[in-house]
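> This is the structure I have questions about; it appears just below.
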Amino acid sequence: MATTKKKATGILMKRSTGDYIFDTINVIIMLLLCLVTLYPMYFVICASFTKNTYLVAHPGAVFYPVGFTVGSYKLAFSHPLLLSGYKNILIVLAVSLPINIALTLFCGYFLASKNVLLKKPVLFIIMFTMFFSGGMIPGWLNIRSLGLYNSLWALILPGAMSVYNSIICRTAIEAVPDSLQESAYIDGANDLVIVFRIILPLIMPTIAVLLLYYGVGHWNAWFNASIYLQDNEKLPIQNVLRAVLIANSNILNAAAAENDQVNEFAESIKYAAIVLTTVPVLCVYPFLQKYFVKGVMIGAVKG
């Protein structure tokens with residue numbers, strides 16, 4: 001018994017053969033998972049720089065660019081819809097994110113406040129919208145009756161606030177000591193001053209996570225644009241990418257049809273479009289990654 005206790009409490013413990021086998025198997029599994037996860041992205045990058053004739057004649061894995069060419073990128077950038085798609089999504093992000101954060105912060109502050117008049121009925125209404133919606137057709141009729149049809153506002157206002165994100169914000173606000181708000185009230189501060197001068201600076205990591213959630217959601221959204229926007233010049237970047245991948249490249253390759261560039265880059269341009277629409281998001285993630293885990297943990301505790 002004493003020997004067992006000494007081994008259990010000692011600083012160094014002798015590793016058995018089973019431990020080495022277990023660690024080796026874990027490392028192999030992790031490497032395989034990394035390979036399965038990273039190779040699709042590597043394949044897309046290689047295929048975007050590969051000659052179209054090779055992609056058509058040799059379907060399957062690509063491990064390096066064959067016949068290195070940047071013609072697909074030149075063709076993609078030469079078409080106005082790709083540039084207008086970037087412009088539209090940047091406009092949506094620039095307008096939406098401040099509105100998203102402001103409404104989410106106000107809703108989270110309301111949910112975290114104590115002794116608020118009619119809090120329970122309002123909370124029920126807010127939570128009801130999280131689980132039930134009017135549906136696609138009533139939503140389309142509502143957008144048209146409000147005069148938002150075929151306008152970028154149709155992509156901004158309907159999803160201006162997420163109830164789930166408001167719950168995350170509420171949990172972060174509840175972690176702020178009540179004494180700070182009480183002392184601010186004594187000094188004559190109102191709720192707006194408390195929200196922007198006290199609450200907001202203290203929950204900036206959570207705000208960064210919410211910016212990531214909202215930003216990625218707007219960047220990847222394509223369905224609302226497909227039913228609310230009529231003009232191709234107003235489509236965001238994901239709808240242009242969808243046209244390239246699904247609609248047989250009709251939108252992006254229309255301008256190239258007259259000079260036989262479609263036959264030269266018809267396949268590789270699809271991969272170039274994927275790279276152009278994915279890289280911006282990948283560039284943002286490393287700067288917000290340290291806040292991501294904290295945001296997930298905050299959202300896991302809603303009590």
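> Can you find a residue in the stretch 223-239 that is of a type in the set (Ser, Thr, Tyr) and at pLDDT below 80?
For the stretch 223-239, residues of a type in the set (Ser, Thr, Tyr) and at pLDDT below 80: absent.
Okay, residues lined up against (1) surrounded by 15 or more Cβ atoms within 10 Å (Cβ to Cβ); (2) within 30 Å of residue 76 (Cβ to Cβ); (3) at pLDDT 85 or above:
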| position | (1), (2), (3) |
| --- | --- |
| 157 | yes, no, yes |
| 164 | no, no, yes |
| 173 | yes, no, yes |
| 181 | yes, no, no |
| 195 | yes, no, yes |
| 207 | yes, no, yes |
| 242 | yes, yes, no |
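> Then there is this: Specify the residue that is farthest from residue 139 (Cα to Cα); the eligible residues are those in the stretch 181-210 that are part of a loop (DSSP other than H, G, I, E, B) and free of Cβ contacts under 8 Å to residues at least 12 places away in the same chain.
187
> Can you report the number of residues in the stretch 211-239 which are assigned to a helix (DSSP H, G or I), within 12 Å of residue 85 (Cα to Cα) and among the aliphatic types (A, V, I, L, M)?
Number of matching residues: 2.
> Here is a further query. Only residues that are under 16 Å from residue 46 (Cα atoms) and hydroxyl-bearing (Ser, Thr, Tyr): list them for the stretch 60-85, please.
Within the stretch 60-85, 64, 69, 72, 73 meet the criteria.
The values are calculated or read from the model by the stated rules, or taken from the named source; none is laboratory data. From a predicted model like this one, the values you see are computed outputs, not experimental measurements. Cβ atoms come from the backbone with ideal geometry, glycine included; neighbour counts cover every protein chain shown.
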